[in-house]
């Protein structure tokens, strides 16, 4: 199979209670994906659950990912970075793809690019993906093409929001009005991909200390807002109960 003696010993040490045929079959499937012996072994060490999957299941999942556009080197990189893709339920993958195509309106080519650069999107809850997309589209005024180029889904939503609102409150980012072409805003790619130190120095013109204070204040704002919403919801429930009580009294009269 192309394993050295040392690699073979590491393979045999995985899940000792399993028969050797399970380990060999799983390793063989990973090699068929194009992974090197070392990469396949490292993947099994990080995600030993793959050893328990039927060989046919691994083969079918690889074909599903290829149909989504993760072929060749993209499939190898996706499997190495997100081994969970090989054993999560199919419905979960399909739900994420359907969301990206039907509600976020990415083209087939854009979807392939998203999956190739950030395969972990297939593991996200559709609601989470849609929320991040809507924020970039409506709050930031960014189109799908720029989202793909900037690799939107590689950054956690909380960090994207922190950076965007920080720029906004410093007067350095403005949400474009409908039909307006906004050229003065920083590019989404720079907001997302610059290390925090460079983001602060070249885009926000601020310091790490100021950014940390801002994030704490923003978190407090969100907490207070949630508390207010909870109180409003409680009063709404009380009003509904009073209304039901009044209607019951009138009905009895």
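Just so you know, all these numbers are worked out from the coordinates, no wet-lab data involved. As the structure is a prediction and not an experimental result, all values here were calculated from the model. Cβ sites come from the backbone with ideal geometry, for glycine too, and all protein chains shown count toward neighbours.
One Cα centroid belongs to region 6-21, the other to region 78-147; the line between them spans 35 Å.
Multiplying the residue separation of residue 98 and residue 120 by 0.36 nm and subtracting their alpha-carbon distance yields 6.4 nm. Of 115, 30, 11, which is the most mobile in a GNM of the chain whose springs link Cα atoms less than 10 angstrom apart? Residue with maximal mean-square fluctuation among 115, 30, 11: 11.
With Cα atoms as the point set, region 1-87 shows a radius of gyration and Dmax of 12.1, 36 Å. Comparing mean-square fluctuations of 201, 25, 233 from a GNM of the chain with C-alpha springs under 10 Å, the top value falls on 233.
Calculated from DSSP H runs of 4 or more alone, at -39500 (n - 2.57) each and per residue, what is the 222 nm mean residue ellipticity of the chain, nearest 500?
-19000 deg cm²/dmol
Applying 1/(1 + (r/R0)^6) with R0 = 35 Å to the Cβ-Cβ distance of residue 28 and residue 127 gives a FRET efficiency near 0.40. Which of [x] 0.88; [y] 1.38; [z] 1.14 is the computed Cα Rg over 2.2 N^0.38 Å for the structure on display? For Cα Rg over 2.2 N^0.38 Å, the calculated option is [y]. A Förster distance of 30 Å, applied to the separation of the beta-carbon atoms of residue 90 and residue 210, puts the FRET efficiency at 0.05. In this simple spin-label approximation, residue 143 and residue 230 carry label points 7 Å from Cα along the Cα→Cβ vector, and these lie 4.3 nm apart. What FRET efficiency, computed as 1/(1 + (r/R0)^6) with R0 = 41 Å and r the Cβ-Cβ distance, is obtained for residue 45 and residue 190, rounded to the nearest 0.05? Here the calculated transfer efficiency is 0.65. Counting neighbouring beta carbons within 10 Å and listing from fewest to most, the residues 211, 106, 138 come out as 138, 211, 106. Would you mind checking the tilt of helix 37-46 against the longest principal axis of the Cα atoms of the chain, expressed as 0 to 90 degrees and rounded to 10? Between the helix axis and the principal axis of the chain, the angle is about 50 degrees.
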